[in-house]
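Here's the structure, in structure tokens; my notes come after.
The values are calculated or read from the model by the stated rules, or taken from the named source; none is laboratory data. Just so it is clear, the model here is predicted, and its values are computed rather than measured. Cβ atoms come from the backbone with ideal geometry, glycine included; neighbour counts cover every protein chain shown. Side chains are part of the model used for accessible areas, which takes the heavy atoms of the whole protein and leaves out ligands, DNA and RNA. Shrake-Rupley method; radii C 1.70, N 1.55, O 1.52, S 1.80 Å.
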Amino acid sequence: MEGVTVVLLLIWTLISPSSNGKAWPPHTVCRDGNLEVFYQSCDPLQDFGFSVDQCSKHLKSNLNIRLGIVLREDIKELFLDIALFTKGSSILNFSYPICEEDLPKFSFCGRRKGEQIYYAGPINNPGFEILEGEYQVLLELYNEKRSTVACANATVICS
């Protein structure tokens, strides 16, 4: 029984930001000359990993990403909401279905609570040039019950 307690304590330590209410650490997605992108999990119970293969002001339409997370919720369906802000003003709100029950787009669609998602591959997005400035991006992944699967506050700085 003592071994189980140690394992549970270790798991809690790994998934919890801290007992004194500190936030998760910021993570660098990319940094290359004129562009810097970093994020911080806004989910108080869980952090996750995310990176991109390209760090350029000229965003390609087929971007390779890597995402790793342990699910706290089933994802029969999965949706992504993106809100983009600059200087405190909203400039874009976007919602995208990632997994629909009848149209799973990725192999991780349908995964269950406790399972791990690791995705490394392309995502289709409109190619565009990132304009000079500082942007805040709120990203939220949620399931069909509107339960948060992952949440991040990201900052994009382009000079």
Checking Cys55 against (1) over 13 Å from the mean Cα position of the chain (by Cα); (2) part of a strand (DSSP E or B); (3) under 16 Å from Ala154 (Cα atoms), the condition it does not meet: (2)
Considering residues of region 134-159 that are surrounded by fewer than 18 Cβ atoms within 10 Å (Cβ to Cβ) and hydroxyl-bearing (Ser, Thr, Tyr) only, the residue farthest from Lys76 (Cα to Cα): Ser159
Residue in region 67-87 that is polar (S, T, N, Q), in a strand (DSSP E or B), within 28 Å of Gly133 (Cβ to Cβ) and open to solvent by 60 Å² or more (accessible area, probe 1.4 Å) present: no
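Of all residues in region 123-135, which are of a type outside the set (S, T, N, Q) and part of a loop (DSSP other than H, G, I, E, B)?
As a first pass, look at region 123-135 and keep what is of a type outside the set (S, T, N, Q): 123, 126-135.
Across region 123-135, the qualifying residues are Pro126, Gly127, Ile130, Leu131, Glu132.
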Where a residue in region 22-37 is touching a residue at least 12 places away in the same chain (Cβ under 8 Å) and part of a strand (DSSP E or B) and its partner, wherever it lies, is surrounded by 11 or more Cβ atoms within 10 Å (Cβ to Cβ) and small (Gly, Ala, Ser), with Cβ under 6 Å and at least six apart: Val29/Ser51
Of all residues making up region 88-122, the number that are in a strand (DSSP E or B), of a type outside the set (Ser, Thr, Tyr), touching a strand residue (DSSP E or B) at 6+ places or on another chain (Cβ under 7 Å) and open to solvent by 50 Å² or more (accessible area, probe 1.4 Å): 7
Inter-residue pairs, beta-carbon under 6 Å, first charged (D, E, K, R) and in region 83-102, second surrounded by 11 or more Cβ atoms within 10 Å (Cβ to Cβ), 6+ apart: Glu100/Glu77; Glu101/Lys76; Glu101/Glu77
